[in-house]
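First comes the structure, then the notes that go with it.
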Amino acid sequence: MMSQTHVLLAAALFAKPGKTLRNTAVVAGAIVPDIAIFGLLGWSKVMGIPETRVWNELYWQEPWQTYTAAGNSLPLYLLIAVFGVLILRLVPAAHRLGMVALFFALAAITHVAGDLPVHVEDAHRHLWPLSDWKFISPVSYWNPEHHGRAFSVFEGLLGIALSIILFRRFKGWLTRVIIITLIVAYFAVPAYFIFMLG
């Protein structure tokens, strides 16, 4: 799924008004699995590497495949969640740390679960470092040869529905601007790739 969908879904599930630290952990957890991809894209721009080379060559090579695997590691996020629960139960003085760890991990696990059924050739190693196994789905969130157009419509509608839920839940203008920006990304991201890659 697209990064903004992961953020909207995790926020709809776990974010609450007035819980700034918790909400920040949720947003961070929803984004972190995609950090390697953002890093690759940013690095390639600085280095002047053509976009086609990034997605057709570099993305599939090391160290980017390991960075992506680490960012999408279900065992890693389960370990962080267990750490958060243990801190919450055993060290009341460190409640904030436990809460941050737990909600960060829950949002990241939500991201991983959302990606699992919509990646074909670009599937992640979700059990890394324990296994290099990949679930190769018949459905792609982007590739039209694997129902990408239909899923894009579904994902856009899901994003709008999640935005409505969050718009009703959060009344602050800054949060609402962020939500609107995430919705705009449903048009901006595909437009960018069409412009850059044809």
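Kindly evaluate V153 against the criterion of being within 30 Å of N56 (Cβ to Cβ), β-branched (V, I, T) and without any contact (Cβ under 8 Å) to a residue 60 or more places away in the chain.
Yes; evaluated as a whole, the condition is true for this residue.
Go through (1) open to solvent by less than 60 Å² (accessible area, probe 1.4 Å); (2) in contact (Cβ under 8 Å) with a residue 40 or more places away in the chain; (3) among the aliphatic types (A, V, I, L, M) for L13 and report which single condition fails.
That leaves (1) as the condition not met.
Could you check the range 61-116 and list, in sequence order, the residues that are aromatic (F, W, Y) and either out of contact with any Lys or Arg (no Cβ under 6 Å at 6 or more places or on another chain) or more than 15 Å from V32 (Cβ to Cβ) (or both)?
W64, Y67, Y77, F83, F104
Just for the range 39-54: of the residues that are open to solvent by 40 Å² or more (accessible area, probe 1.4 Å) and free of Cβ contacts under 8 Å to residues at least 12 places away in the same chain, which one is nearest to H147 (Cα to Cα)?
Only one residue fits best here, namely R53.
Considering only residues that are farther than 14 Å from Q4 by Cα and not β-branched (V, I, T), which ones fall in the range 144-153?
Within the range 144-153, P144, E145, H146, H147, G148, R149, A150, F151 meet the criteria.
Looking at Y141, Y192, Y186, which one is under 15 Å from M2 (Cα atoms), of a type outside the set (K, R) and at pLDDT 90 or above?
Matching residue, one of Y141, Y192, Y186: Y141.
Out of L166, L158, I need the residue that is closer than 19 Å to Q4 by Cα and under 17 Å from the mean Cα position of the chain (by Cα). Which one?
L158
Which one is nearest to M1 (Cα to Cα), of the residues in the range 107-138 that are open to solvent by 80 Å² or more (accessible area, probe 1.4 Å) and among the aliphatic types (A, V, I, L, M)?
That would be I136.
L21 - would you say it is surrounded by 15 or more Cβ atoms within 10 Å (Cβ to Cβ), at pLDDT 95 or above and of a type outside the set (S, T, N, Q)?
no
The values are calculated or read from the model by the stated rules, or taken from the named source; none is laboratory data. Values in this document were obtained by computation on a predicted structure and should not be read as measured data. Cβ: placed from backbone, ideal geometry, glycine included. Neighbour counts: every protein chain shown. Surface areas here come from the heavy atoms of the whole protein model, side chains and all, with no ligands, DNA or RNA. Shrake-Rupley method; radii C 1.70, N 1.55, O 1.52, S 1.80 Å.
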